[in-house]
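The values are calculated or read from the model by the stated rules, or taken from the named source; none is laboratory data. No experiment lies behind these values; they were computed from the predicted model shown. Please note: Cβ atoms are built from the backbone with ideal geometry, for glycine as well, and neighbour counts cover all protein chains shown. What goes into the accessible areas is simple: the full protein's heavy atoms, side chains included, and nothing from ligands, DNA or RNA. Shrake-Rupley method; radii C 1.70, N 1.55, O 1.52, S 1.80 Å.
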Amino acid sequence: QAPPAGPATSRKQPHNRAVQWRRSVVRSVKKPWKRQQQQPSWDTVRTVELPEEEQQYHEKLSAHGFFFRQWWAAQGWLLASAVGVLCFMTYILIELGIGALSSVRFGFCVARPFKPQEICPPGEWVAWGNTIVAFCVSVLLGTGMATMAAWTVSRFAPAASGSGIPEIKTMLNGFVLPDVATLRTLSIKVPCLVLAVSSGMALGHEGPMVHVGVCWAHILYTRLPYFRQNEARKRDLLSAGAAAGISSAFGTPIGGVLFSLEEVSSQFPSSTLLLAFMASVAAMLVTALVNLTQDGDLTLYQVTYTATFHTSEYLVFAVLGMVGGLVGAVFNALNVRWNAYRASAAYRDRVHPVAEAAFVALVTLVTSWPLRLTRVLNALAIHALFDTCSARGTRKDMLQAELGLCDADGWKLKHPDLMLKLLLAASLRFVQTVFTIGITCPAGLFVPSMYIGACLGRFVGGLLKAIDAGGFLFPAEIDPGVYSMVGAAAVLGGISRMTISLVVMMLELTGGTDYVVAFMLAVLSAKFVGDAFNEGIYDLQIVLKGYPFLHESVGKSITECCRDAMEVHLAVVDLSDQLGVAALRSRLLGDATTFRGFPVVDGPRFVGYVRRHLLEALLDETEARAGPGAELGKEDLEFCVDTTVVRMVPEAPLAQAHQIFKQLGCQHIFVIGPPNADTTLDDQCMDSLLGMLSKKSFLRFVTERGKDAKGQRRLRMPHMRRRRHCCQNEGEQGPNGETSLIREQSPSGNSLAVLGIAKRASPVAQLDESVAAESDSSSNDDDAGDTREERGERK
């Protein structure tokens with residue numbers, strides 16, 4: 001006889017729950033790795049609806065009590081603090097990994113294996129020397145590390161390549177990029193970044209720390225509903241993650257917050273400012289407790305100067321800034337054009353990304369070996385160039401002596417070849433960086449650009465000190481280390497076009513306000529000179545990669561009206577027709593359409609906009625209550641139709657639409673007006689739906705007419721084919737035999753095809769907003785199928 005069901009069920013239930021939980025965890029870990037990750041592109045990017053999600057958030061918040069609202073508010077502070085701590089802990093792992101792997105290329109610590117020479121006990125370091133064997137070991141190990149990093153990135157997470165700053169800027173501009181900030185991307189980017197930097201290529205890890213911070217922010221906010229269900233709150237934490245990344249890398253909390261404000265964030269309200277500052281403070285607290293540099297400094301780049309300036313030196317700083325701006329403009333032009341050629345089909349068919357990275361690493365290591373300045377890692381060389389000469393016998397002093405920057409008496413001025421070596425090192429690193437940035441490896445631009453500027457600044461400072469130090473033109477004592485830091489700020493500002501944040505970062509690194517005027521002059525001069533030729537490198541990379549981005553300068557160059565850019569072929573829900581549940585489900589919500597929502601009209605009058613998931617829920621409820629043959633009434637759709645959507649008249653300038661998209665963060669603007677301009681106002685409906693503007697269709701319109709920013713006009717844009725729209729004539733049958741309803745000609749001369757419940761190919765306006773039919777606030781992980789679904793919609 002079988003035992004009673006009750007006790008047996010009670011005994012097996014905990015075991016079954018444990019097994020189910022374990023299997024769900026295993027599936028969640030395996031699932032992201034089964035799918036081949038793709039590099040983000042125009043087609044896979046979708047926009048977010050910030051106003052609607054903000055309204056839903058406040059409605060949910062008002063429905064709960066006081067303690068629940070306080071708990072939701074506290075989640076932001078807790079997550080910001082956690083992001084700062086995790087970001088710095090990741091930076092520690094990266095630093096330790098780089099120190100262990102890079103040391104093998106130059107020697108071996110007997111007492112403490114896989115420890116760099118800086119922390120190896122005296123007399124325990126065994127260097128490979130300057131022999132041919134040492135050269136082969138360094139080149140082969142470096143090339144192998146770069147090849148392994150490139151293969152891992154190209155195989156598992158292409159989104160982990162580069163610095164990630166262009167992608168972060170696009171996300172914070174109101175778009176969602178799939179796979180950019182996922183756990184899979186983070187787990188690949190960190191070890192591959194260690195391999196790439198340790199290989200000795202012309203790249204750094206400070207810039208990718210911004211991407212690491214954003215990845216941690218994305219991973220954490222998916223666990224809490226306060227952020228998971230609201231895109232605006234997500235972007236607050238993403239901005240905080242970017243600030244924490246810079247703070248962890250450079251030890252500059254205020255500079256990290258200003259970097260997030262100036263460079264990556266499009267909207268930066270006071271709530272975002274507080275979260276970013278909280279994340280930076282948390283990162284700095286852990287930095288002070290860990291003491292990673294073993295000398296009391298927050299980071300390797302922190303220095304202390306005692307020299308004072310003379311008024312005549314300010315002119316030299318301004319000239320040095322102009323040189324940095326010119327160097328940055330030339331670098332941006334060469335690098336972007338080279339990467340544009342790399343993106344061509346002819347190049348990609350002939351050169352594999354892994355082979356390209358291996359070849360670049362091989363050439364870089366071979367050409368860097370003859371000069372001691374270019375042989376060591378960029379970060380160590382920059383610190384030696386920044387610091388002043390002394391005879392204290394520290395490891396830093398020994399490194400400066402090995403690089404030929406100082407001698408036992410202090411400044412090394414008796415050897416004129418030092419000036420030539422500085423110029424050669426700057427020129428060589430410039431060429432190497434041009435061909436390195438853009439390969440399939442995690443690569444930051446901060447360190448190589450600072451290296452180039454530090455060499456140029458050290459050259460200028462040493463030249464002035466040798467020629468006229470203490471003389472008539474420059475009476476004050478000249479410290480070439482100060483000029484090296486000013487030159488680094490000038491070149492970095494010339495490449496990235498950062499201003500305030502860069503000055504504050506340099507101010508925090510020097511630890512005083514005596515040099516703030518020098519940094520300001522150099523950075524402003526670099527920006528003015530660089531802007532005369534092209535845009536910053538990150539803006540150019542956004543254009544090169546084809547990401548949609550609402551630039552500030554777009555609205556100033558548009559002279560057209562909304563009627564010129566609106567999309568007129570729209571699939572709508574017409575309340576004046578019979579709204580059968582089965583017909584709506586088969587024609588609007590079928591497999592052939594992935595629209596996120598539909599305009600709702602009542603005859604000629606525009607009513608509002610209904611989201612796809614709300615319409616599906618309404619159909620499911622009606623079908624369960626009355627069967628598949630039931631019909632919906634107007635009153636059934638009232639609760640799910642959004643009547644507060646943004647509306648504009650067709651004569652409104654597109655510059656106003658640009659401001660609405662940028663400041664409000666909405667997805668659509670509906671163009672409303674009389675359907676026929678020839679009739680009198682009394683004989684027609686004034687609120688007819690004439691067309692619709694989406695954020696991406698607006699950007700495509702601006703791009704195709706060459707009305708974008710200066711950098712986009714001068715850069716050869718990626719070819720974006722204009723999608724053709726299939727227009728049905730009156731009486732033409734649809735795919736299911738239904739007849740399309742054709743309106744009269746709109747004022748712009750285009751026919752407005754109101755398809756009612758017709759199933760047809762996606763128009764561009766709704767095509768750009770289509771994603772998998774889930775929720776409107778889906779995260780980056782939910783966008784994997786956008787490319788497949790949208791390509792199936794396109795004509």
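Here are some notes:
- Matching entry among Gly706, Gly711 (being within 36 Å of the chain's Cα centre (by Cα), at pLDDT below 80 and at positive phi): Gly706
- Test for Glu508: is it crowded, with 23+ Cβ neighbours inside 10 Å and of a type in the set (Asp, Glu): no
- Hey, Thr272 in a helix (DSSP H, G or I) and modelled with pLDDT under 85 or not: no
- Filter pass, Ile500 being surrounded by fewer than 24 Cβ atoms within 10 Å (Cβ to Cβ), under 22 Å from the mean Cα position of the chain (by Cα) and more than 17 Å from Ala454 (Cα to Cα): yes
- In segment 511-526, the residue that is nearest to Ile168 (Cα to Cα) out of those that are out of contact with any helix residue (DSSP H, G or I) (no Cβ under 6 Å at 6 or more places or on another chain) and assigned to a helix (DSSP H, G or I) is Leu524.
- Val212 vs. criteria under 24 Å from Tyr547 (Cα atoms), touching a helix residue (DSSP H, G or I) at 6+ places or on another chain (Cβ under 6 Å), open to solvent by less than 10 Å² (accessible area, probe 1.4 Å) and at pLDDT 95 or above: yes
- The residues of segment 120-159 that are in contact with an Asp or Glu (Cβ under 9 Å, 6 or more places away or on another chain) and at pLDDT below 95, listed by number, are Ala157, Pro158, Ala159.
- Top-ranked residue in segment 535-547 [being crowded, with 21+ Cβ neighbours inside 10 Å and part of a loop (DSSP other than H, G, I, E, B); ranked as modelled with the lowest pLDDT]: Tyr547
- Criterion (open to solvent by 10 Å² or more (accessible area, probe 1.4 Å), in a helix (DSSP H, G or I) and touching an Asp or Glu at 6+ places or on another chain (Cβ under 8 Å)) met by exactly one of Ile246, Ile188, Ile254, Ile219: Ile254
- Across segment 257-275, the qualifying residues are those that are more than 16 Å from the chain's Cα centre (by Cα) and within 18 Å of Ala181 (Cβ to Cβ), and the one among them that is surrounded by the fewest Cβ atoms within 10 Å (Cβ to Cβ) is Thr272.
- For segment 222-243, the set of residues classified as touching a helix residue (DSSP H, G or I) at 6+ places or on another chain (Cβ under 8 Å) and part of a loop (DSSP other than H, G, I, E, B) consists of Thr222, Leu224, Gln229, Asn230, listed by residue number.
- Residue list for segment 191-202, restricted to those being assigned to a loop (DSSP other than H, G, I, E, B) and open to solvent by 10 Å² or more (accessible area, probe 1.4 Å): Gly200
- Whichever residue in segment 625-644 is open to solvent by 30 Å² or more (accessible area, probe 1.4 Å) and not in a helix (DSSP H, G or I) and, among such residues, is nearest to Gly580 (Cα to Cα): Glu631
- Glu231 being among the acidic types (Asp, Glu), open to solvent by less than 30 Å² (accessible area, probe 1.4 Å) and closer than 27 Å to Ile382 by Cβ: no
- Segment 135-181, residues that are among the charged types (D, E, K, R), open to solvent by less than 20 Å² (accessible area, probe 1.4 Å) and assigned to a helix (DSSP H, G or I): Glu167, Lys169
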